[in-house]
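Colleague: My structure is below; once you've seen it, I'll send some questions.
The values are calculated or read from the model by the stated rules, or taken from the named source; none is laboratory data. Predicted model, so just to flag it, every value in this text is computed and none were measured. Using ideal geometry, Cβ is built from the backbone for each residue, glycine included, and neighbour counts are taken over all protein chains shown.
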Amino acid sequence: MLSIIVDYVQNVDNDDNVIPGQEQLLRNNKRASLVVSPSSLTLNWQNEAKKFTGDLKTLVIRGTLSERRRQIEEIEQYDLVITSYDLLKRDIELYEQKNYKFRYIIADEAQYLKNSNTQNAKSIKKIKADTRYALTGTPIENSLAELWSIFDFIMPGYLFSYRTFKNTYETPIVKEENYEAMEKLRMLIEPFVLRRNKKEVLTELPDKTITVLNNEMGEEQRNIYLNYLAQAKQELAEEIDINGYERSQMQILSALTRLRQICCHPSLFIEDYQEGSSKLDQCMEIVEEAVNGGHKILLFSGYTSMFEIIEKELKSLGIKYFKLTGSTKVEERVKLVDEFNENSDVKVFLISLKAGGTGLNLIGADMVIHYDPWWNLSAENQATDRAYRIGQKKNVQVYKLITKNSIEEKIYELQQRKGELVDSMLSTKTSFISKMSREEIMNLFS
């Protein structure tokens, strides 16, 4: 994306590239381009712009309302303007008052637009631009409606109204596994999807090895799991019979979360739990051996509370580490990333999957550990790619820790099964979990 913007700016500023008689027209049409990203990535965009394109004039919209108002009024002085989804929806009226029309608008991590009814989606769709781009490694996370919403930003109306899209494609594909409808949709979107396949584009990247490591719960942990499983299954069956499946979603999610937490460590929700966790033991064994072997590790988990337990273990072993969660400030994120990549003494980076699964360049690490499986395989893949990206010189080892005979095994199986449908349609490595049927949900508790 930066190369496109730079080419445009250089064509305007370089007289040698301008056809006689068109110089003034180009200069009159020189306009800024707008990048909209998660707030945690705005400074990353500016840093990358400075690193690769020193002459590009960049502006990050930030600060108080009065400061942002002043910055927005000065947009015409810049080549690249960067703001966040959160600030854009607050400032959309200021953009509309100025009636800006940007050269390019780029929606980074475009899965933030997956719900067309949110202010994120509504605000960015109001911005005027000649050309629109959406960057995402997960165009479909949970439903095909997310794909429709992204296309509604790029090319409004191309995939019809959502009602028509749902009746023609989403329902037949997801609920009926209608491959004819899937093929028609794939042909519609294929000309506009540029897939970044690392094996083809980045042939210089070293190898990446993914290993699934199983662990078995100890007796006490296993008893807790089985007791809660039986209780949850009975309570949910009664809940669904009384209130219906759709109205029981929160209770289902809560029960699944508890089972996953028991697999990680029962003390995540059981006070005064004194016994251990087989998964924690396995994880620390891997970490200690890797650190002694000179490796640097990214350790991802969906539960930030799990980090408090892991931190105690790291301290007891004398292993230096960093931690990044949703509460980490933007400036601190950039500082931590840079120091981790450069400081050989810091061996482990604990990262919340939601907060740090995208937008970070952590090629200082050559090992990735997924402590617990996430519902979406694509989210895990994006997290892994914090280390496996441009600039990585070492082979990358990825470990996925899965507790046997548990909800985690079922999540892993579901990842693989649900991924096949989207792989066929998009020809990409993303995967999603559609709204599961009652039978599928109850099978998770078997």
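Every residue, every condition in (1) at pLDDT below 95; (2) in contact with a helix residue (DSSP H, G or I) (Cβ under 8 Å, 6 or more places away or on another chain); (3) buried (at least 22 other Cβ atoms within 10 Å of the Cβ), yes or no:
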residue	(1), (2), (3)
Gly302	yes, yes, no
Ser316	no, no, no
Lys329	yes, no, no
Asp338	yes, no, no
Phe349	no, yes, yes
Gly359	yes, yes, no
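Colleague: List the pairs whose first member sits in segment 141-164 and is under 17 Å from Met187 (Cα atoms), whose second member is of a type in the set (Ser, Thr, Tyr) and part of a helix (DSSP H, G or I), and whose Cβ atoms are under 6 Å apart, counting only residues at least 6 apart or on separate chains?
Modeller: Taking only residues 6 or more apart or on different chains, the pairs are Trp148/Tyr162.
Colleague: Could you go through segment 105-119 and let me know if any residue there is in contact with a helix residue (DSSP H, G or I) (Cβ under 6 Å, 6 or more places away or on another chain), modelled with pLDDT of 90 or more, buried (at least 16 other Cβ atoms within 10 Å of the Cβ) and basic (Lys, Arg).
Modeller: No: segment 105-119 contains no residue that is in contact with a helix residue (DSSP H, G or I) (Cβ under 6 Å, 6 or more places away or on another chain), modelled with pLDDT of 90 or more, buried (at least 16 other Cβ atoms within 10 Å of the Cβ) and basic (Lys, Arg).
Colleague: Give segment 231-272 a look and list any residue that's closer than 23 Å to Ser305 by Cβ, free of Cβ contacts under 8 Å to residues at least 12 places away in the same chain and aliphatic (A, V, I, L, M), or say none.
Modeller: Met250, Leu253
Colleague: Working only within segment 82-136, note down all residues that are of a type in the set (D, E, K, R), in a helix (DSSP H, G or I) and over 21 Å from Gln46 (Cβ atoms).
Modeller: Glu93, Glu96, Lys98, Lys122
Colleague: Against the conditions (1) assigned to a helix (DSSP H, G or I); (2) in contact (Cβ under 8 Å) with a residue 40 or more places away in the chain; (3) under 26 Å from Leu377 (Cα atoms); (4) under 26 Å from the mean Cα position of the chain (by Cα), where does Ser305 fall short? Just the number, please.
Modeller: So the condition that Ser305 fails would be (2).
Colleague: Oh, and also: Counting only residues that are touching a Gly at 6+ places or on another chain (Cβ under 8 Å) and modelled with pLDDT under 95, how many does segment 47-91 have?
Modeller: 0
Colleague: Are any residues in segment 328-368 among the basic types (Lys, Arg) and in a loop (DSSP other than H, G, I, E, B), and if so, which ones?
Modeller: Lys329, Lys347 - these are the residues of segment 328-368 that are among the basic types (Lys, Arg) and in a loop (DSSP other than H, G, I, E, B).
Colleague: Still on this structure, please answer the following. Quick check on Glu311: is it at pLDDT below 95 and either farther than 18 Å from Pro373 by Cβ or not assigned by TED's automatic domain parsing to the domain that holds Ala387 (or both)?
Modeller: So Glu311 fails the test.
Colleague: While we're here: Of the conditions (1) in a loop (DSSP other than H, G, I, E, B); (2) in contact with a strand residue (DSSP E or B) (Cβ under 9 Å, 6 or more places away or on another chain); (3) modelled with pLDDT of 90 or more; (4) under 25 Å from Asn223 (Cα atoms), Trp374 fails just one. Which one is it?
Modeller: (3)
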